[in-house]
Structures are given as C-alpha cells and as structure tokens.
Amino acid sequence: MARIRKDENNVTLPVKEEPSPASLLPTAAEQRPKDEDEFSPDTAAKDKESRESVRKKPIGEEEIAEARDRMQRFFSAKKVFDERYSGNFDTYNLLYTEQTNEKVYKDNEGNLHKDLITKRLGAQTLNVILNKHADAMDNYPEPIFLPREKDDEETATMLGSIVPCILERNKYQQTYSDAWTDKLVGGACCVAVTWDSDKEWGIGDIDIHRVNMLSMAWEPFIENIQDSSDVFCVSYSDVESAKRTYPALKDVSSEDLGLSEVKTFYSRSKTENKAAVVDWYYKKDGLLHFCKFCGNQIIFSSENEPEKYPKGYYEHGKYPFVIGVLFPLRDTPVGFSFVDICRAPQEELDSLKHDILKNIKVNSQTRNLVDESTGVNINDLCDLNKEYIKVANLPSGSRVIVPLETKDIAGGALSMYSALTDVIKMTTGTNDASNGASAAGVTSGSAIAALQEAGGKISRDINKGGFREFTEICELVLENVRQFYKPARWFRIIGQDKKTRFVQFDNEGLQPQEFTIEGDDTVFQREPVFDIEVKAQRANPFTTAANNQMMVDMFNMGAFAPQNADAALAMLECMSFEGKDKLVDIVKEKAQLLQTVQELQGRLEMANAMLAQQAADTVEPAMAQAAPEAAPTAAMQPNEPLQLPQHAVEGAKL
C-alpha cells in the first residue's frame, strides 16, 4: 500500500508506487520456451537483412521530400503560363465573367451610380474558338497501322481494327473534344495513356483521359516533355475518399499546394480541404519509374519493387503524357492560343461597342436643366438615369426647363467597329465561308466546299498538328498492348464487307522474335515495329455533297463504263479524294469482268461457227444422195413434202 504525503498546505502529493514482486515475474507468454530457430544464426541474419532492406529502399521519406521541393520549383517556373491559362478560360467562360462584372461605378466624390450600359465581353473570340473546334471535330482522326516487315502484315491489320475499339471503349471522342477546347483556349492540352489494373473486372486495360494542364509540372526550359527529368501530376480528392481508396495512408494530408485554378460558379476553392495525391514519374538508369504519394507518405513506388518491375513501370520508357500545342513557343512544351491573339482587338472592340451603346442611350433619352439658385448637382449630372437636373442661373431669356444638348456618335465609329471585327477574322483565318456563309449566287455544295477549303489553310495546319499528337497517342496505346495484353481480349470489329465479327487479340504477335542471318550462327531478336498513318474521318456535309456531285459528274462522263476503264484509270491516277483507292479497285474489277465476258462471247461465236460448219458438211452429202431416190416419188406425188432418209436425218442432228 502506498504511503500518503502532504505538504504544508495539506495538499496530497503524488507518490511513485514501487512495483510489487508479483509484477516483476515474467508473464506466461514470456515463460514460453523459445524455438531454437529464433536463436539460430540464420534467423538472426535474415532479420538483420530484412531490416537493412527496409532501410535501403530506393524511395523513402528523404526522396519524397526532395521530389516535393523539385515539384514546387517546377510549378513556380510555370506560374506565368498557369496564370495566363486560367485567365484565358475566364475570357472563354463568358457566362462566368458576366456574373462578376460590376453593375455600378463611383463618381469623383465616391458616390455609387448605376451603370447605364453594362460592360460585357464580346463573343467574337468565342466564335473563333467554336469555328476551329468544329473543324477539328470534322477531321476526327482514324489510325492506319503499316508493318515494316512482311511477317507483321496480319498483326498490322488486326491493330487497325483493335486500336479504334480501344479508343471507343475509353470514349476518346469526348476526350478529343475536351482536349481541343483546352488547346484552342489555353494554348495547350494534355492526354494521358496509362494502364488501369482495375478495369475489365480486375484484368486491367488501357485508360485514356484528359489531364488538366494546371495540375502538371515539368522541368523548365524544355520543349519536349519526354526530355524532362521528372513529371508531376497532382489530383485532388475528398479526404475520406482518399482514405478508402488508399488504405496504406495513415494520415491523409490536406495541404494546399497553391496551384492555379479556373474560375467557376462556385465561390469556394476546389482544393480546399482536399487531399493532394501526386503522381511522380521520373527516369533513372534508362528506366521509367512511377511513385504515388500524399504529403510525405508513399502509396506506391515501382522502384521499391524491382522484382515486379525489372524494366520499369512502363517498359516503353516514355512518360504517359502527350501534350498538344496550338502555337508553340521556345524553351517550353506549351504555347499560346487564339484567346491571346484576339485579346487586344477584342478589348478595343468591346470598349468601342460600349461607347456606341452609351451614346445611343443618351441620345434616345431627353434630359432637361431646371433653374435653381443652389447650382448644378454634379451627382445628378453623372446619373444618366435621371431626366431632370437642378441648376442655378440659367441664361437670361431661357425657359425654366431647358433640354440638355448632346452630340451624336462620331461618323467613323460604326466603320471602326466593322474594321475591328474584320481584324479578328483576318488574324484568326475565320472567314465567312468557314462559318457556312457564301457569296451571293453560290448555292452548289461543291462550290461552297471549295470556298471552305480555300479559306481553311490555318485550320488544316492546326489539324495536322493534332494528327501528330494522335499518332503519339496511338504509339503509347500500342506499347501498352505490347506490355500488358497477355490474357487475350475479345473485340467486336467490322470488316471491309461491313459484317460484324468477334475476335480475340493478345500481345503474342508484338513480342520480340528471334532470327538469324545467313552465314552467321548468332541469334538476333527483333521487335515488330509499325508505322502509323492518320486518316481524317470527314464529317462535313458540304464535303460529302461535293464528293457525291463529283461521282455523278464522273458517271455522266462515262468514266464508270467498263469499255472506258483505261481512260478512267488514267484520270483517277491524277486525282486525290476520299475513297479513291476503292473506286480504282471497282473500275479495275469492272474492266476485268468486261474482258472476261468478251472472251467468253468470242469463244461462243467460234463454237457456233464450228457447229454450223459441221452441220453443213454432214447435211449436204446426205441431200445429194437422197435426191435421185426421191425424184420418181416426187413426180408421182407432187403435193407431198420431200422425205429424207432416216440416216440423213440422224446425221443432220449430229
């Protein structure tokens, strides 16, 4: 029992209790005899090796801290782009900016007045973006895989049918549309091609999705993202959702990294009280590694699992990101957009429009001066909504109420407004023909399509850049198929005969193949390589109408007549249009069919001539032999028909 001590104020003092003898005895678990293996040198060595391996993992807290420092430097280096990118979307989102425009203004004395004409952003820049976006959607890409060796022709044909199915499963058309919006508004877009092991009921499949440019960071002063030492991609999620998704996290960090955001209707920041999960890709010793962390805690690291990832996380060794640029800049993988080009003329146009509308509003409303000895009320004069203003000492002889004189708008204001509108059209290549309008009297679909093609040089150049980016996306898809498509997948494809087929496909035809060179016993390995060409799926109705009209004109010219096949093939050889190869095959097939028919007709005519000659050779001798025998009978019975002998008739039948 513990002794009780008190101080001079009669306050009980704590006294440390001495342990009882029973508490010093070992527990039942401690009294259990230990196995000999626990004391063996091998077990101790294994425990020591295990502890050392834990301490010597390539990626630990120190490496994560260094990576976070680099990430902050990378984001700081691209701060100018992030601010311009988010500002461009503020201009693009007219609906958002309209909510934040001021409807009142202050005069010189600080009094508030309602703005007579609200300052609004014009939609000319928006029209440019929508027009170019429509051109991009009209030229939706389609991949064509071409083998470099004859042995890979079958695999290339299958890839040409399989890859579009993979794109369709990932709803790539929506990703394509969103990426083009980012490119046209912000100047750059990003699409990621990654492997999602949770897809297809745990088998895994390729995932293609758009990435927010404001959430990415790369090494400064590079023009190709593949040249960066590290690439960071930050995603925000709810704290509780992050705990459920990543059970390894002991404490989810809701630290705000201070990234730029695009303004929306919501007043709160979308990063507030959110967990920032960072995807960190880096290259080391020629391998691409991947690490996911939140705060200072590691969720996953491919470098810490060398047995599972001996060739890196992605064996192709490339960052799984494709950045598309509208108008490129030097020393950076991003560029500028149509919003940057149209910003100055759009601001001048909006200011001029505001002045014109304000002048019209002032002149359409009569305002009067009222005589009052106190002087002119400046606040009333500034308030254009007031019809009467009290003033002092009106000119002698004037009426009690005097209308206030105003000036009409300058004569060149309207022409200047039209000129500024034309500046935006000319600068961006958005002419009337590209908007669907045509000159007076032009009604033919082929003529309208010709005008659109003539005025679409900038759109064609931009679309070619998009095709190059699509080629890189297809290359990443191909490499993911090569690495991960070990269990065969089923695909529904449509053949050239327009019939639906279900096929299986795996990566067997994409693996390295052994070969030898004649005269050398060395065994080499080659990896099947494919060239990717991109074909545009033209969806423009005017282009379709023009192609249809061209087919009708060629038919009227007789180009499809089999007897004119040689001339038609010579003409088609010099032409270029969608479906040309198929049309050439049809013309050749019809010409071959005509030649076959003509050969059969010639053989038939020769056979008929031979039969006729043989019949003549047989009938004439028979008739000559039967003539003397039939003469007396004919004299006796002149009205009866001549009867040939039986052997003559049978010979004629032969």
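The values are calculated or read from the model by the stated rules, or taken from the named source; none is laboratory data. From a predicted model like this one, the values you see are computed outputs, not experimental measurements. Reconstructed Cβ throughout: ideal geometry from the backbone, glycine too, with neighbour counts over all protein chains shown. The area values use the complete protein model at the heavy-atom level, side chains included, leaving out ligands, DNA and RNA. Shrake-Rupley method; radii C 1.70, N 1.55, O 1.52, S 1.80 Å.
Data for the structure
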read-out	value
Solvent-accessible heavy-atom area per residue, rounded to whole Å², over region 190-263 at 1.4 Å	50
Where a label projected 7 Å from the Cα of residue 300 along Cα→Cβ would reach, residues of region 191-220 with amide N under 18 Å	192-211
Solvent-accessible area of residue 336 with every protein chain in place, 1.4 Å probe, in Å² to the nearest 10	60
Solvent-accessible ranking of 529, 584, 128, largest area first, probe 1.4 Å	529, 584, 128
Using a Förster distance of 41 Å, the FRET efficiency for residue 90-residue 549 (Cβ separation, nearest 0.05)	0.35
Efficiency of FRET between residue 573 and residue 251 - r from beta-carbon atoms, R0 56 angstrom, step 0.05	0.20
Solvent-accessible area of residue 246 with every protein chain in place, 1.4 Å probe, in Å² to the nearest 10	50
Accessible-area ranking of 210, 330, 68, 492, largest first, probe 1.4 Å	330, 492, 210, 68
Peptides ranked, highest mean first, by Cβ atoms within 10 Å: ranges 474-483, 165-174	474-483, 165-174
Rounded accessible area of residue 280 (nearest 10 Å², 1.4 Å probe)	10
Simple label model, 7 Å out from Cα along Cβ direction - residue 422 to residue 461, nm	2.2
Rough spin-label spacing in nm, given labels placed 7 Å along Cα→Cβ, for residue 169 and residue 137	2.6
Length gained when the stretch residue 360-residue 593 is fully extended (0.36 nm per residue, less Cα-Cα span)	76.3 nm
Whole-percent carbon and sulfur share, accessible surface of region 100-240, 1.4 Å	48
Accessible heavy-atom area order of 416, 557, highest first, probe of 1.4 Å	557, 416
FRET efficiency, residue 72 to residue 195 (Cβ-Cβ, R0 22 Å, nearest 0.05)	0.20
